[in-house]
Every structure is written in C-alpha cells, then in structure tokens.
Amino acid sequence: MDKTDFIKQLEAISNSYNLGIPKEAIEKALSFSRFKVYSKGEVLARAGDKTTTAGMVLNGVVRSYYVDKDGNDITQFFATEGSWCIDSGMVGYEEMPANWEAIEDTTVMLFDVKDMKALIMSDERLKTIWIEALEGAMRYKIYRENGFLVETATERYISFRKRYPQYAERIPLRYIATYLGITPESLSRIRSSMKEENT
C-alpha cells in the first residue's frame, strides 16, 4: 500500500467511528508512522517493554494479556480495526503492564508516543477526540468491573456477544474464556446450553 491507500484507510476508520479527523492530521500522523504486519501468534510487545511506541490496528485482531503467578494466561482486552494497541505509553505508563499478541495476521500503524501526543495537543478537534477516547476507556473499565461483580458467567458471555459481535467469530474460544474469567470447558458448556435453549 502507498501513502494514498493508507490515508483512505484511516479516513474510512475515522468515518466509521464518526470521528471527523481532519485529513491534515491524518497526513501528519502518517509522516511519523511506520507500518508492520504481524503474523498470527506473533508478540507485538511484552510486559516490561518500554512504552515509547504505540499503535493502531488497521486490519486483524490483537489481544492484551497477563500471565499470573501460576502461569495462567488471562486476556485483558481485544483490539480490532481502528482500535489502539500497545498504547500504555499514551496514558502515562513507562513500561508495558501486559503482553500484546496478534491472534490473526494483523497490520499495525506504529508511531512514537511523544509525536502522537504532540499532534493531539496541537489541534482542538483531536483533543476532543482524545477526551472522548479516554471517556470510552473509562466506560469500558466500568463495564468490565460490573460484569465480574454482578453478572453470572453466562450473562458475561451474552453481554460480550452483544457488545462485541465482531469478535465472537474471529477469536479463539480459549481467549474469550479467559477474558470472561472462566475456563474454556465452562464456556463450551455455556455455549452448548444456549444452543439447547434455542432449539
């Protein structure tokens, strides 16, 4: 893809989220960005890595995950087209708190955190978009916490499918299970039970 193709793709992402990002800002962001294709299973960043670089998913799916003291892999977050990834530096972390992995072949626009934050602060429209993004992240955090506090595992799965229908068919069930805080076997039972109820 050449620069024109990337501009069109970023404009399409902006339009799909009703962001209204100015074309000049897109061109400026491209001037300090690079693009990398990660293969399925490839790690984008590991816990403890420096956070000087962040990214945006252009196509594909990545996930953020922790490994607990018992060696369990726990999914924190999924990112698809138009979502930030490896972005802890954008909110002040100096080191990555979690790992990031491509769960299908994924193209990521990578950029220096300082350059992107300077661009955002230089434009009132971008500042507004940034504030909206931070508010969205806070809503997501509350949604996640509420799910673990008041919903059953089945209710969390139903909520997940409603909230993120684009993920349900693209993500291996073992990752969805750890995102929901249950075992893959429990998720299989939930899915089987739901199918039985619908027949």
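The values are calculated or read from the model by the stated rules, or taken from the named source; none is laboratory data. Source: prediction; values computed, not measured. So basically every Cβ, Gly included, is an ideal-geometry build from the backbone, and we count neighbours across all protein chains shown.
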(message) Looking only at the stretch 61-88, how many residues end up being touching a Ser or Thr at 6+ places or on another chain (Cβ under 9 Å) and either assigned to a strand (DSSP E or B) or buried (at least 21 other Cβ atoms within 10 Å of the Cβ) (or both)?
(response) 17
(message) Please go through (1) more than 20 Å from Q9 (Cα to Cα); (2) out of contact with any Asp or Glu (no Cβ under 9 Å at 6 or more places or on another chain); (3) not hydrophobic (A, V, I, L, M, F, W, C) for E95 and return the number of the only condition it doesn't satisfy.
(response) (2)
(request) With the condition kept exactly as written, say whether any residue in the stretch 45-53 is out of contact with any strand residue (DSSP E or B) (no Cβ under 6 Å at 6 or more places or on another chain) and either in a strand (DSSP E or B) or modelled with pLDDT under 95 (or both). (result) yes
(message) For the list (1) crowded, with 18+ Cβ neighbours inside 10 Å; (2) more than 15 Å from the chain's Cα centre (by Cα), I need the number of the one condition that E95 fails.
(response) (1)
(message) Considering only residues that are in contact (Cβ under 8 Å) with a residue 60 or more places away in the chain and either within 23 Å of P172 (Cα to Cα) or buried (at least 17 other Cβ atoms within 10 Å of the Cβ) (or both), which ones fall in the stretch 37-60?
(response) V37, Y38, S39, K40, G41, E42, L44, T51, T53, A54
(message) When you scan the stretch 74-94, do you find a residue that is farther than 24 Å from G136 by Cβ and of a type in the set (D, E), even just one?
(response) no
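Going through the stretch 94-131 one residue at a time, which ones are without any contact (Cβ under 8 Å) to a residue 12 or more places away in the chain and part of a helix (DSSP H, G or I)? Spell out the reasoning first.
Step one: filter the stretch 94-131 for residues without any contact (Cβ under 8 Å) to a residue 12 or more places away in the chain, giving 118, 120-122, 124, 127-128, 130-131.
Selection gives A118, I120, M121, E124, K127, T128, W130, I131.
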(request) Mind counting the residues in the stretch 149-174 that are surrounded by 14 or more Cβ atoms within 10 Å (Cβ to Cβ), within 23 Å of K40 (Cβ to Cβ) and in contact (Cβ under 8 Å) with a residue 24 or more places away in the chain? (result) 3
(request) Sort out which residues of the stretch 46-78 are in contact with a Gly (Cβ under 9 Å, 6 or more places away or on another chain) and either more than 27 Å from L119 (Cβ to Cβ) or among the small types (G, A, S) (or both), and write them in order of number. (result) A54, I74
(message) So for the stretch 131-146 (the condition being aromatic (F, W, Y), closer than 24 Å to L44 by Cβ and surrounded by 14 or more Cβ atoms within 10 Å (Cβ to Cβ)), does at least one residue qualify?
(response) no
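Could you tell me which residue of the stretch 177-188 is surrounded by the fewest Cβ atoms within 10 Å (Cβ to Cβ), considering only residues that are among the β-branched types (V, I, T) and not in a helix (DSSP H, G or I)? Spell out the reasoning first.
Initially, the stretch 177-188 is screened for residues among the β-branched types (V, I, T), giving 178, 182-183.
Narrowing further to those that are not in a helix (DSSP H, G or I): 182-183.
Working: I182: 18, T183: 14.
Here the answer is T183.
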(request) Just one of (1) among the basic types (K, R); (2) in contact with an Asp or Glu (Cβ under 9 Å, 6 or more places away or on another chain); (3) part of a helix (DSSP H, G or I); (4) within 20 Å of S16 (Cβ to Cβ) trips up R174, so point out which. (result) (4)
(request) Would you confirm whether any residue within the stretch 24-33 is without any contact (Cβ under 8 Å) to a residue 12 or more places away in the chain, assigned to a helix (DSSP H, G or I) and either closer than 28 Å to K141 by Cβ or of a type in the set (G, A, S) (or both)? (result) yes
